[in-house]
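Here is the structure we will look at.
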Amino acid sequence: MSVSADGFVGGPNGEIDWLLKTMSDEGAAWTVDKISKAGLHIMGSRTFHDMAAYWPTSNEPFAAPMNKIPKMVFSRKGVVQPTRADLTTGALKDATRNAREQGWKNVVSPDAATWDNVPVMGKDLVADIQKLKEQDGGPILAHGGAGFAQSLVATGLIDEYQLLIHPVMLGKGLPIFTSLAAPLFLKLESTTRFGSGVIANIYRPVR
């Protein structure tokens, strides 16, 4: 996840224009490498709505692994398949505007169908995550939104945090570590610095 220097993953309304301004080609390549190794992408319902509306017709570097790799949605209320042209959140609007400014073209991915009929879980987050972790396959990579990430952090079941820390202070926004019941101590596994000032830190919880 991308995080501002003062600890927010999105603006007050989920805006991500700040991370798009500070992300570099090398930072994007690092991220693409990480998400390409996932065996399963999991996300909250709002993030699923955004991504299903965006990635199936994108030719950005992120699009291939986002479209190809299986997805699972976590929602207590279930998920209604979105209209893919429907812009509903600040994050989706920012991403769409950035794609237009960068000259990315809309193409229909051959893997677009992976966004249809995606399994929905979430009635018992701890049990569901534990069950997924017991299965064979590549790493389970969790995306947002912020509420889903908060809930995941609170479970204590996250094995690794991959955080891209951006050189910007938002002052206010969406945090993901406010649901911790006690301090979470981490071991720094690696640090990668990019020319744009973004720092990619990988942490593992100290059990």
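The values are calculated or read from the model by the stated rules, or taken from the named source; none is laboratory data. What you see is a predicted model, and the numbers here were worked out from it, not measured in a lab. Here the Cβ positions follow ideal geometry from the backbone for every residue, glycine too, while neighbour counts run over all protein chains shown.
Some values worked out for this structure:
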quantity: Among (1) part of a loop (DSSP other than H, G, I, E, B); (2) free of Cβ contacts under 8 Å to residues at least 40 places away in the same chain; (3) surrounded by 12 or more Cβ atoms within 10 Å (Cβ to Cβ) - the single one GLN135 does not satisfy; calculated: (3)
quantity: Scan of the range 29-54 for residues that are assigned to a helix (DSSP H, G or I), buried (at least 17 other Cβ atoms within 10 Å of the Cβ) and small (Gly, Ala, Ser), ordered by number; calculated: SER45, ALA52, ALA53
quantity: Where a residue in the range 114-129 is under 10 Å from MET72 (Cα atoms) and touching a residue at least 24 places away in the same chain (Cβ under 8 Å) and its partner, wherever it lies, is surrounded by fewer than 13 Cβ atoms within 10 Å (Cβ to Cβ) and among the small types (Gly, Ala, Ser), with Cβ under 6 Å and at least six apart; calculated: VAL120/GLY78
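For every residue, the table says whether it meets (1) under 17 Å from ALA5 (Cβ atoms); (2) surrounded by 12 or more Cβ atoms within 10 Å (Cβ to Cβ); (3) at pLDDT 95 or above.
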site	(1), (2), (3)
ILE129	no, yes, yes
PRO139	no, yes, yes
HIS143	no, yes, no
ILE158	no, yes, yes
LEU164	yes, yes, yes
LEU188	yes, no, yes
ARG207	no, no, no
